[in-house]
Each structure stands twice: as structure tokens, then as C-alpha cells.
1. Report, by residue number, each residue of region 102-122 that is within 11 Å of the chain's Cα centre (by Cα), part of a helix (DSSP H, G or I) and in contact (Cβ under 8 Å) with a residue 60 or more places away in the chain.
2. Return the pair list, or none, for Cβ contacts closer than 7 Å from residues in region 264-284 that are outside any loop (DSSP other than H, G, I, E, B) to residues that are modelled with pLDDT of 85 or more and not basic (Lys, Arg), at least 6 apart or on different chains.
3. If residue 167 satisfies every condition in (1) in a loop (DSSP other than H, G, I, E, B); (2) out of contact with any Phe, Trp or Tyr (no Cβ under 9 Å at 6 or more places or on another chain); (3) surrounded by 18 or more Cβ atoms within 10 Å (Cβ to Cβ) but one, which is the exception?
4. Tell me whether region 192-207 contains one or more residues that are in contact with a Phe, Trp or Tyr (Cβ under 9 Å, 6 or more places away or on another chain), part of a loop (DSSP other than H, G, I, E, B), surrounded by 11 or more Cβ atoms within 10 Å (Cβ to Cβ) and not small (Gly, Ala, Ser).
5. Within the bounds of region 232-255, is there any residue that is assigned to a loop (DSSP other than H, G, I, E, B), of a type in the set (D, E, K, R), at pLDDT 80 or above and under 29 Å from residue 160 (Cβ atoms)?
6. Can you name every residue in region 141-161 that is buried (at least 21 other Cβ atoms within 10 Å of the Cβ) and either at pLDDT 95 or above or part of a loop (DSSP other than H, G, I, E, B) (or both)?
7. Quick check on my filter: what residues within region 224-274 are hydroxyl-bearing (Ser, Thr, Tyr) and loosely packed, with under 14 Cβ neighbours inside 10 Å?
8. Just the residues that are modelled with pLDDT of 95 or more and β-branched (Val, Ile, Thr), please, taken from region 162-207.
Amino acid sequence: MLTSQCTEQAIVIASVSDVVGPATKLYARGQIIESGEAIVRIVGSLHIISAAVLGLALLGGGSVHAPCAPPQSLSAAAINQAACSDATALRMTKAAMVKGEALLDRLDLSPGIVDGKADENAGKAIVAFQRSRGLTMSGKLDQAPWDKLCVSTSLVLIAYTVTEDDVRGPFMRKIPRDFDHMAHLHALSYRSAAQLLAEKFHTSEELIKQLDPRKTLDRAGTVITVPNGVDARPEGQVFRIEVDKPAKVVRAFGRNVELVAFYLASIGSTEKPAPSGTTEFGRL
């Protein structure tokens, strides 16, 4: 079976019979085992390291050791100093990705959460930026979009002092997931001051804690480092709003059909689908 030494608890993702046909039973798929040598946890599909090595490991009931990649260090200095020359497939660090997402967010081309992850949401924002600038729509922060983004000279991260309003609450540690139970709440509050601050600056609690290690986020007066979503924001009037249901995005266009803003959106649901059509507004 394929194994790794990354975790103490393991979940079996494949037995011998799953890959090479009937054989001696090892463990059932999905069975949790406690061991110092844990099996790689993979959801949905098996990462093929090498067909030959994997086959030998499975036939022999042995293990293939996959080294754990060390986490990328992240600091305010690394993000602010990330250069445009970092924008190649092999050199795109997490710090550079955070910088790119923050610059997109500042242009009202939202990547969702500014967290340094090159996920689908970030890709949608990059495509929107590339389209608005007449670039090849690759969905990747390669050199061409970086050159356009790096026109901005404002710092990507800034200092922010936590206020009394940020920590006053009330906070709710546990929020129900379904709407019926949510409807009975007195208020749909944040879980913590950290979550409120993450929402305020379009980032994640994880990133704020990485940028501000050992700082107390629920104390007014604490100075923390956050993405700079204030400086150099664009100005423009919106004349048309497009809600794209299949893509799950909202686009705002100016008088000359130029893209003014781009946001990710949850649009309707199976139970309550959003209507389709065209609506005119006299004033918003």
C-alpha cells in the first residue's frame, strides 16, 4: 500500500485488489488506522508517483515514502518585496501570489480571499484582469499581467490598529450550517475578532496569523499587518451590471463597456434558483 510519514493517523485509500486485482486483504478502503507510518490521505483520486514503484509496493505489501514538503515561510517583508521577476511558473512563491491577489483586489477585481493560493477563484480574477488589459487569458500570473500589476507603487501590506469596534462583538463561536437554524439566531455574528478582521481585509484568518505571530487579535490597540485594500483604488462609474450564473461572478461595466469591477458570487441554488433576464434600474 502507498504510505507516507506525514501524519500519525492514517486512512487507507487503496488496497491491493483495488489496483492489481484480487489478493491478500490488507485493510479495507476508508479504514482508519493508528500507526507511526501513516498512509497518504487523498480524496477522490490516487496520486501516481510511479506506476512501477507503486505496483511493486502494492504487490509486496510494502510502502512508498513520500517526503513532506516544508511549508513556505511567509512574512510581510517577503510579500512587499516580491518582485515582478518572480512571476514565472517555477518561481511563483506564496509571497508573490499574495502580492498578486492583493493588487487584483485593490483594482476591484476580486480573487475572493487574499491567501496566496493559486486556486480557481484567483484564476477567474486573473482572467478578468487579462481580458480588461487585452492580454492572453491564461488565468496565470505570468510575466505579462505582472508587468501591468506592478505599475502600482503602493505597499501591498500596511499596519492596522485593532479598534474597540473590532473586538466588541458579540461573537458566536459556533454557527449552524443550515438556513433554518440560522433564522432562529438573534444575529449572524462573526465567530471571533480574528474572523472579523479577516473579512474586513478580504483575507483569511490563517494569513493574518502568519503575518502577526504571537499577537493578540482580540485586544484593541494591537497593531497588526494586513493587505492594503485602500490605496490606489480605481474610480469609475458603473452603467451596466452583468450577473453570470454559470461562471458565478458579477461584472460591472463603465460607459464604454470597460470592466470596472469583478466579484465572485453565490448566485441562487437548486432550491431557490436565481431568475434570468434583463432589469433596468433608474438609481442605486
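The values are calculated or read from the model by the stated rules, or taken from the named source; none is laboratory data. Keep in mind it's a predicted model, so treat the numbers as computed, not measured. Glycine gets a Cβ as well: all are built from the backbone with ideal geometry, and neighbour counts include every protein chain shown.
1. 121
2. Once the first residue is outside any loop (DSSP other than H, G, I, E, B) and sits in region 264-284, its partners that are modelled with pLDDT of 85 or more and not basic (Lys, Arg) give 264/110; 264/112; 264/121; 264/249.
3. (1)
4. For region 192-207, residues in contact with a Phe, Trp or Tyr (Cβ under 9 Å, 6 or more places away or on another chain), part of a loop (DSSP other than H, G, I, E, B), surrounded by 11 or more Cβ atoms within 10 Å (Cβ to Cβ) and not small (Gly, Ala, Ser): present.
5. yes
6. 141, 156
7. 266, 269, 270, listed by residue number.
8. 162, 163, 167, 203
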